[in-house]
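Heads up: the structure comes next, in structure tokens.
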Amino acid sequence: MTWVNLTSVEQLDEIKNASGFSLIFKHSTRCSISLMAKRNFEFDWDVIPADTKLYFLDLISYRDISNKIAEVFQVAHQSPQILLIKDGDCVLEASHSDISAEEVAEVIAA
């Protein structure tokens, strides 16, 4: 699996309008907890179906997009944070040590 870098607000429209599942990983490049959560997620991400689009947001460089994500998907800003989007709605939100590729896979399989 590979990340799609989230670098424009227009990409949020694509995610919002996509059918099926997309995942957004909001990462702070200045935070060791965020780095650990990302590494743990990537270590286990092979359990997630291969057709799931994985978006990566460097929220230090793209804070405006992070703010827009909170608004569009009606979630409080956290870092690190994952949002699992299905058919335009956030169906799973987790942050810090609660970030889990296994949980993402379980929600997709349900």
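The values are calculated or read from the model by the stated rules, or taken from the named source; none is laboratory data. Note that this is a predicted model, so its numbers are computed, not measured. Ideal geometry is used to build each Cβ from the backbone, glycine not excepted, and the neighbour counts take in all protein chains shown. Each accessible area value is taken on the protein alone, full model and side chains, heavy atoms only, with ligands, DNA and RNA left out. Shrake-Rupley method; radii C 1.70, N 1.55, O 1.52, S 1.80 Å.
Taking 7 Å along the Cα-to-C-beta vector as the label spot, tell me the Ser8-His77 distance in nanometres, rounded to one decimal.
If labels sit at Ser8 and His77, their model points lie 2.3 nm apart.
Taking R0 as 30 Å, what FRET efficiency do you get between Asn17 and Ser61 from their Cβ-Cβ distance, rounded to the nearest 0.05? Provide the component values of the computation, followed by the final result.
Values: r = 24 Å, r/R0 = 0.81.
Step by step, r from the Cβ atoms, then E = 0.80.
Find how much the distance from Glu103 to Ile33 grows on full extension, using 0.36 nm per residue of separation minus their present alpha carbon separation; answer in nm with one decimal. Intermediate results must be reported in sequence, preceding the final value.
Numbers: separation 70, 0.36 × 70 = 25.20 nm, distance 1.90 nm.
The span from Glu103 to Ile33 would gain 23.3 nm if fully extended.
Over the chain, with the other protein chains present, what is the accessible area per residue in square angstrom, probe 1.4 angstrom?
Details: 5860 Å² over 110 residues.
Roughly 53 Å² per residue, with all protein chains present.
In Å and from the alpha-carbon atoms only, list the Rg and Dmax of the chain.
Using the Cα atoms of the chain, the pair Rg, Dmax is 12.5, 35 Å.
Spin-label point model (7 Å from Cα, Cβ direction): what's the Lys86 to Asn40 distance in nm?
2.4 nm
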